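Asks: For reference, the structure I am asking about is given below.
The values are calculated or read from the model by the stated rules, or taken from the named source; none is laboratory data. Because the structure is predicted, anything quoted here is derived from the model rather than measured. Ideal geometry is used to build each Cβ from the backbone, glycine not excepted, and the neighbour counts take in all protein chains shown. When the accessible area is computed, the model is the full protein with side chains, heavy atoms only, and any ligands, DNA or RNA have been set aside. Shrake-Rupley method; radii C 1.70, N 1.55, O 1.52, S 1.80 Å.
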Amino acid sequence: MQNDFGKKLHQKIEELKDVAEAEYEKSRKKKDPDFDRASYNPRLTDEILAELVRFQLSSAACMNKGFILDGFPRSKEDAELVFMIDVPVEKSQNGETDPEGAAEPATKKILNEKIIPQYCISLEADDAFLIQRAKEIPHDKIEGTHFNDAGMIRRCKEYRTRNPEDSGTTIKDFITEAIGYPNLLAVNASIPNG
């Protein structure tokens, strides 16, 4: 990412580190160690993550071969951040152009046809199945990750809260609206193949 986007991302990470360092210094006691910027990994905002995903999806490899999204987007709102773009609106509803005194030009959100997939496979499973599958992963492979019991329970609960079934507000609902129901294949991963 040695380009403008990489520089912009690096700058945002440094800004997040600055904020974390300032907060640490406010609550720091004399015997506490100095803030270690090199080892601190800030949590990126949803907007930064969406921009990063959008950048990657715009690559030739993703556009030609397809892609797998896991972990982000986490909600319909995140999916909109990734797959929707702002375009300028040239005329107002009554057919007149916006007045010259307008602070910002009017925009509307449209689907980014360049990166939205033509087809989608949605792997679905219930929470108990996912938690059990995480338990089956060898301990040395999950050390330092959130694939432990508490982490999986927290992540499943957070996902179900952000994506309530039959609400019309899930990631699957967004993709279905974007590409059409016939182009989405939902697969229940809990059912053993045999």
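Asks: Nearest 0.05, what FRET efficiency do ASN41 and ILE142 give at R0 = 22 Å with Cβ-Cβ as r?
Replies: Numbers: r = 18 Å, r/R0 = 0.83.
Calculated transfer efficiency: 0.75.
Asks: Helix-derived [θ] at 222 nm for the chain: sum -39500 (n - 2.57) over DSSP H runs of at least 4, divide by residue count, nearest 500?
Replies: Using -39500 (n - 2.57) per qualifying helix, the result is -13500 deg cm²/dmol.
Asks: Could you do me a favour and compute the accessible area per residue for region 105-189, 1.4 Å probe, result in Å²? Display every interim value, and only then the final one.
Replies: Numbers: 6110 Å² over 85 residues.
Value for region 105-189: 72 Å² per residue.
Asks: Give me the accessible area per residue for region 1-84, probe 1.4 Å, as a whole number in Å².
Replies: 71
Asks: Express the C-alpha Rg of the chain as a ratio against the empirical globular expectation 2.2 N^0.38 Å, rounded to two decimals.
Replies: In units of the globular-protein estimate, the chain measures up at 1.31.
Asks: Can you tally the net charge around ASP86? Count Lys and Arg as +1, Asp and Glu as -1, for every other residue whose Cβ sits under 10 Å from the Cβ of ASP86.
Replies: Local charge sum for ASP86: +2.
Asks: Heavy atoms only, 1.4 Å probe, whole protein assembly: order ASP126, ASP46, ASP166 by accessible area, highest first.
Replies: Solvent-accessible surface, decreasing: ASP166, ASP126, ASP46.
Asks: For the chain, which whole percent of the accessible surface, found with a 1.4 angstrom probe, sits on carbon and sulfur atoms?
Replies: 53
Asks: Which links in LYS17/LYS114; LYS76/LYS114; LYS76/LYS135; LYS7/LYS141 stretch past 27 Å when you go from one Cα to the other?
Replies: Numbers: LYS17/LYS114 33 Å; LYS76/LYS114 19 Å; LYS76/LYS135 29 Å; LYS7/LYS141 32 Å.
With Cα atoms farther than 27 Å apart: LYS17/LYS114; LYS76/LYS135; LYS7/LYS141.
Asks: Let me know the charge dipole size of region 1-94 about its Cα centre in debye, to the nearest 20, where only the beta-carbon of Lys, Arg (+1) and Asp, Glu (-1) is charged.
Replies: Details: 16 positive and 19 negative charges, 53 e Å.
In total the dipole reaches around 260 debye.
Asks: Which residue, GLU23, GLU14, GLU47, has the most motion in a Gaussian network model of the chain that connects Cα atoms within less than 10 Å?
Replies: GLU23
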